[in-house]
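Below is one structure; the comments refer to it alone.
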Amino acid sequence: MAFYALIMAGGTGTRLWPVSRRQRPKQSLKLVGDRTMFEHAVDRIAPLFQPEHILVVAGSDHVPDLSQQAPELPPENFIVEPMGRGTAPAIGLGAIHLHRRDPDAVISVLTADHFIADVERFCSVLGAAEEVARENYLVTLGIEPSAPSTGYGYIQRGSRLCAVDGFEVFHVERFTEKPSEETALQMVESGEYTWNSGMFIWHVERILEEFEAQMPDLRVQLAEIEAALGTHGYGPALDRVWKRVTKESIDYGVMEGAEEVAVIPVDIGWSDVGSWGSLGELLARMGRRDDRGNVVAAEHIGLDTANTLVFGHQRLIATIGLNDMIVVDAGDAILVCPMEHEQEVRDLVHLLEREDMKDYL
C-alpha cells in the first residue's frame, strides 16, 4: 500500500481580503516569509512523499500558477475542479483519480493554505496516522487548543484506541461546529476536545465506501466521472456531472455520521491563517510584535499606535492614534477595521459582489 498526499488548494481566503483575491487567493500569497502558502504546503511534506505521490485539487484558473510554484510535481497530478463544491466533492474527485491509479492507496488529505511550524513532528504524526488508517479507520488530526476559540470546529475524543510512535490515538466521540464562547470555554477546560484541523488520513477504498453509504448521489456522480478517466470524454463528463453536484463539506457529508473514526491530538504549531487576526497572531509568534503590541509586516511609521496589525508592501503606511486595529494595503484597495470586526471581512466581500465591484474581488 503506497501513501499519497492530496493537497486541497481550492479555497478563496475571503477573510484575507483585500490581499487575497479570486485570481490570487490565499494559497498563492507570501504571507509568512518568502514562500507562498502552497509552497510551504509542498515543502513540508517533501521528506515523506515523493513528488509523484503528491496530488493537488484546484480550480482551473489556479492550476497554472500552482504548477509554476511546484514544478517538481507531475502535471497530471494537478486535478482540476470545474467549480467550488465544498470539501466533500473535491476530496471525492481526488479519491477517484487515486483509486484508478492505485486502489490500495492510503491518502493524507492536507491543506494548501495553513501554516505548520513543527514540520518534523507533522511528518511524524502523518506516518503514525497512516498506520491507523491501514486498520480501516478514518483518521483526523486534532490540534491541541491554545484558547477557547469560536472560529474552529471541535472534536471530542472518546476512549483510547492505541499509541503509535509516541502519538496517542482516540476514538472520536463527536464533531461540533463553531461553538459559542461559553461552550468553547467549557470544551477547552474539559480537556476532551481538540480543534478540527481539516486534515484527514484514510484508505481510498474506505472513503469511497463512506461516500456510497452517506452521500450516495455524490458517489454515483463520481462513478460517472471515474468511468471517463483516461479517455477523451473525461473533460466533457466532468463538466457535465459537476454542474449537478451539491455543495457539501466533508465534515457534514461524511465525518459526523461515520463509524470507526479516530483522532490523534497533536501540537505542531498549526495556524489556519484564516483571518487577519490569526495571521497577526502567527507573525507575533515569529517575532514581528513590537514593544507597543503592534504586528508590522510593512514599511510603517506610527504615533500613539498600539496593538495594531499593519500589513502591506506597496508604500509607507503611517498611523496616528490607532489601537486594536487592522490596516492592510493591497495597492488598489485598503482595509481599515477594528480587530474585533475581523470576521466581517467576508461580509464586506459579499457586499462587493452585490455591488458588482468585480475589479476588487
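The values are calculated or read from the model by the stated rules, or taken from the named source; none is laboratory data. Values in this document were obtained by computation on a predicted structure and should not be read as measured data. No Cβ is skipped: glycine too gets one built from the backbone with ideal geometry, and neighbour counts run over all protein chains shown.
In table form, for the structure just shown:
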{"item": "Any hit, the stretch 50-61, residues being at positive phi and free of Cβ contacts under 8 Å to residues at least 12 places away in the same chain", "result": "no"}
{"item": "Among residues of the stretch 137-148, those that are modelled with pLDDT under 95 and over 13 Å from residue 197 (Cα atoms), counted", "result": "3"}
{"item": "Conditions (1) under 30 Å from residue 34 (Cβ atoms); (2) buried (at least 24 other Cβ atoms within 10 Å of the Cβ): number failed by residue 111", "result": "(2)"}
{"item": "Conditions (1) surrounded by 13 or more Cβ atoms within 10 Å (Cβ to Cβ); (2) farther than 19 Å from residue 146 by Cα; (3) among the hydrophobic types (A, V, I, L, M, F, W, C): number failed by residue 283", "result": "(2)"}
{"item": "Residue that is more than 17 Å from residue 272 (Cβ to Cβ) and within 19 Å of the chain's Cα centre (by Cα), where the choices are 138, 185", "result": "138"}
{"item": "Identity of the residue in the stretch 12-29, in contact (Cβ under 8 Å) with a residue 24 or more places away in the chain, under 15 Å from the mean Cα position of the chain (by Cα) and assigned to a loop (DSSP other than H, G, I, E, B), that ends up surrounded by the fewest Cβ atoms within 10 Å (Cβ to Cβ)", "result": "12"}
{"item": "Test: residue in the stretch 328-350 that is part of a loop (DSSP other than H, G, I, E, B) and either of a type in the set (Phe, Trp, Tyr) or surrounded by 14 or more Cβ atoms within 10 Å (Cβ to Cβ) (or both)", "result": "yes"}
{"item": "Flag for residue 172 being buried (at least 19 other Cβ atoms within 10 Å of the Cβ), in a helix (DSSP H, G or I) and β-branched (Val, Ile, Thr)", "result": "no"}
{"item": "Those residues of the stretch 232-283 which are in contact (Cβ under 8 Å) with a residue 60 or more places away in the chain and of a type in the set (Gly, Ala, Ser), in sequence order", "result": "249, 253, 258, 262, 269, 271, 274, 275, 277, 278"}
{"item": "Condition met for residue 102 (surrounded by fewer than 19 Cβ atoms within 10 Å (Cβ to Cβ) and among the acidic types (Asp, Glu))", "result": "yes"}
{"item": "Qualifying positions in the stretch 170-184 - hydrophobic (A, V, I, L, M, F, W, C) and modelled with pLDDT of 90 or more", "result": "170, 172, 175"}
{"item": "Residue ID - farthest from residue 244 (Cα to Cα), chosen from residues in the stretch 70-95 that are of a type outside the set (Gly, Ala, Ser), crowded, with 19+ Cβ neighbours inside 10 Å and without any contact (Cβ under 8 Å) to a residue 60 or more places away in the chain", "result": "73"}
{"item": "Filter result for residue 98 (part of a helix (DSSP H, G or I) and touching a residue at least 60 places away in the same chain (Cβ under 8 Å))", "result": "yes"}
{"item": "Verdict on residue 201 being within 18 Å of the chain's Cα centre (by Cα) and within 24 Å of residue 157 (Cα to Cα)", "result": "yes"}
{"item": "Subset of the stretch 177-198 [β-branched (Val, Ile, Thr) and either buried (at least 17 other Cβ atoms within 10 Å of the Cβ) or closer than 18 Å to residue 135 by Cα (or both)]", "result": "188, 194"}
{"item": "Check on residue 157, assigned to a helix (DSSP H, G or I), touching a residue at least 60 places away in the same chain (Cβ under 8 Å) and more than 30 Å from residue 100 (Cβ to Cβ)", "result": "no"}
{"item": "Test: residue in the stretch 234-256 that is over 26 Å from residue 76 (Cα atoms), buried (at least 16 other Cβ atoms within 10 Å of the Cβ), aliphatic (A, V, I, L, M) and assigned by TED's automatic domain parsing to the domain that holds residue 10", "result": "yes"}
{"item": "Candidate set: the stretch 53-66, residues that are in a helix (DSSP H, G or I) and touching a helix residue (DSSP H, G or I) at 6+ places or on another chain (Cβ under 7 Å); chosen: the one farthest from residue 121 (Cα to Cα)", "result": "65"}
{"item": "Residue satisfying all of: in the stretch 144-169; over 23 Å from the mean Cα position of the chain (by Cα) and over 20 Å from residue 269 (Cα atoms); surrounded by the fewest Cβ atoms within 10 Å (Cβ to Cβ) among these", "result": "159"}
{"item": "Some residue of the stretch 194-202 being modelled with pLDDT of 95 or more, among the aromatic types (Phe, Trp, Tyr), within 20 Å of residue 86 (Cβ to Cβ) and part of a strand (DSSP E or B)", "result": "yes"}
